[in-house]
Amino acid sequence: MMKKRLWSLPAIGLALLFIQCNKKASPGKTNGPAEYDILHPDAWITKADQSALLQKTDLSTAEVAGNSPVITIDTSRQYQTVDGFGYTLTGGSAVLINQLPAEKKQALLEELFGNNANAIGVSYLRLSVGASDLDSVTFSYNDLPAGETDVDQSKFSLAPDQSNLIPVLKRILAINPAIKIIAAPWSAPAWMKDNNSTKGGSLKPDYYDAYATYFVKYIQAMQAEGITINAITPQNEPYHPGNNPSLYMTATMQRDFIKNHLGPAFAKNNIRTKIVVYDHNLDKPLYADTIYQDPGASKYVDGAAFHLYAGEVSAMGQLHDRHPDKQLYFTEQWTGSREPFNTTLLWHIKNVIIGTLHNWSKIALEWNLANDPSFRPHTPGGCTECKGAVTINGNSFTRNVSYYIIAHASKFIPPGARRIESAQVNGLSNVAFITPAGKKVLLVLNENVTPVSFKLQDGKAGAPISLPAGSVATLVW
C-alpha cells in the first residue's frame, strides 16, 4: 500500500513537492508534471481540556514533515451502511425533559435531533420496554396482583409511559420523522418469572408464548401512537441479573425463545421489527454464535448488539468474519459521574465511535440522554452514577462529555452513509465515510500529549493537517 502513496517519497522528493504545491498555477492546483488538488476540508474539534467543544476551526497547515503519517482515503473500498448515532431515551430522561418550560424543551430537542447549524442531528434512539434502572420505579406494561396471570396480554397497556416518554418521543418525531428506534426490556413482567420479582430470575418456559405476545402488543401499541420500533433485543444485559429491573437469559434460552415463540409470533402478526440478539458485553460474543448456528432461530435474527464494559471491541469484527450475513449494533456505554472529561472523551471516541464502526457496527449509542444534578432518577438498586448527555437542573441544561462524543459523529455522518477505507496509522485512530450526498467525512483522534501533523490523501488531492494534542476532529469535504 505504501508504495502507492505519493507522500511516501523520500524526504528530498517531498520537499520538492511542497515547493511545487506553493507555486499555484490555478486556485486549488499545483504546477509540475501533474496537477495536484489541494483539499480544504471543513473541520470541527473538541479538545480533552475543554478549551474547544465541537468548535469549527481551520486545521490546515502549510506543510508537514516528510516522515509524517498519511491517512489515505479509498472510496472504492466500501463497508457497512450506517443507521445512526444517539442515546437511550430512558424514562427518567423523558421525565426531566418534559419538566422543562415549553420553549426550553423545544430548544433542547431541536438542538439534539434537528439538522440546522446549531443542532447535532441525533438519528437513533434506544428505549426500554417497560422500566429500565433509570426510571424512578420499576414497572412492566402488564403488572398484575400476586397470583394472577394474563397469558393473552389482554391487560397490556402503555399507560406508565403515556405521561412523559411517549409525549417526548412524539416531539422528537416531529423534528426528525426518520429517527430509528431499538428497544429492549430490562425484565419481563414479574408474574412470568421464576422468582416473581423485577430483579433477577428467569422467564418460565410456560410463559414463552405469553412473552412473545407481549412484544407483539408493544410494537403494535407503539405503532398506534405513531412510533415505529425498528428493532428489538429480547433482553438487555442477559448475564446481569443483579440490576433492578433485570432478567437472566442464557444463549440457549434466548435461542429457543426466538426459534419457537418470538420469531413465529412476529411472522404470524406481520411484524417487520428486526430481532437483534444478546445486547451485552463483548467478552461473550459466542452468545450470538449459539443462536446463529441454529437455522431455525437464525432465520428470524438480523444481528447482534453489544456493550463494552468487558471484552475488546475487535470481537465485533471477528463475529462479522464468522457471520458476514448478520448485522452488528453497539447499543450502550455509560459515562460515569466520577470519570473526568478528558480521559472519557478520548476512550469513548476511540472505542465506542471509531472502534465499533471499524468493526462493522451500524450504530453507536451512548447510554442515558439526561440526568439531574444528583444523577437521578433511578430505581432502588439502579445506577446511581450514570451521567447523561445533558444534565437538566430545573429550567436549564448543561452539555456533558457524551453529548460531544456522539455529536462528532451524528452531526456529520447521516443515516445511509457508508464506511470507506481509511489508512490506520499509529497515534491517529480514524474512520471515514461517504454520505448519501457524496460528501466525505473523516473522524480522527489524536491521543498524544503533543500535536500531530498528517496528510489527508484522497485520490490526487491532499490536505496537510495539524491536530492538537488530546483532541478529536471531524473533517468534511
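The values are calculated or read from the model by the stated rules, or taken from the named source; none is laboratory data. Model, not experiment: these values are computed from the prediction. In this analysis, Cβ positions are derived from the backbone assuming ideal geometry, glycine residues included, and neighbour counts consider all displayed protein chains. The accessibility values were calculated without ligands, DNA or RNA, using every heavy atom of the protein model including side chains. Shrake-Rupley method; radii C 1.70, N 1.55, O 1.52, S 1.80 Å.
Here is how the numbers come out for the structure above:
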item: Close pairs from region 195-221: first closer than 21 Å to residue 260 by Cβ and free of Cβ contacts under 8 Å to residues at least 24 places away in the same chain, partner open to solvent by 40 Å² or more (accessible area, probe 1.4 Å) and assigned to a loop (DSSP other than H, G, I, E, B), Cβ under 9 Å, at least 6 apart; result: 204/194; 206/151
item: Number of the exception - residue 391 against (1) over 26 Å from residue 338 (Cα atoms); (2) over 16 Å from the mean Cα position of the chain (by Cα); (3) buried (at least 16 other Cβ atoms within 10 Å of the Cβ); result: (1)
item: Count - residues of region 147-185 that are touching a residue at least 60 places away in the same chain (Cβ under 8 Å) and part of a strand (DSSP E or B); result: 4
item: Positions within region 311-359 being within 24 Å of residue 128 (Cα to Cα) and aromatic (Phe, Trp, Tyr), in sequence order; result: 329, 330, 334
item: Sole exception among (1) among the aliphatic types (A, V, I, L, M); (2) crowded, with 22+ Cβ neighbours inside 10 Å; (3) over 20 Å from the mean Cα position of the chain (by Cα) for residue 428, by number; result: (2)
item: Residue 118, sole failed condition from (1) part of a loop (DSSP other than H, G, I, E, B); (2) under 30 Å from residue 427 (Cβ atoms); result: (2)
item: Given (1) open to solvent by less than 10 Å² (accessible area, probe 1.4 Å); (2) part of a loop (DSSP other than H, G, I, E, B), index of the condition residue 242 fails; result: (1)
item: Test result for residue 355, under 24 Å from residue 410 (Cβ atoms) and small (Gly, Ala, Ser); result: yes
item: Some residue of region 39-52 being without any contact (Cβ under 8 Å) to a residue 24 or more places away in the chain and open to solvent by 20 Å² or more (accessible area, probe 1.4 Å); result: yes
item: Residue within region 464-473 that is at positive phi, part of a loop (DSSP other than H, G, I, E, B), touching a residue at least 12 places away in the same chain (Cβ under 8 Å) and open to solvent by less than 20 Å² (accessible area, probe 1.4 Å) present; result: yes
item: Residues satisfying the stated conditions in region 186-214, i.e. part of a loop (DSSP other than H, G, I, E, B), of a type in the set (D, E, K, R) and touching a strand residue (DSSP E or B) at 6+ places or on another chain (Cβ under 7 Å); result: 204
item: Boolean, residue 143 is modelled with pLDDT of 95 or more, among the acidic types (Asp, Glu) and either in contact with an Asp or Glu (Cβ under 9 Å, 6 or more places away or on another chain) or surrounded by 19 or more Cβ atoms within 10 Å (Cβ to Cβ) (or both); result: no
item: Any strands (runs of 3 or more DSSP E) falling wholly within region 387-438 and containing at least 2 residues that are touching a Lys or Arg at 6+ places or on another chain (Cβ under 6 Å); result: 428-434
item: Breaking point among (1) surrounded by fewer than 21 Cβ atoms within 10 Å (Cβ to Cβ); (2) out of contact with any helix residue (DSSP H, G or I) (no Cβ under 8 Å at 6 or more places or on another chain), for residue 396; result: (2)
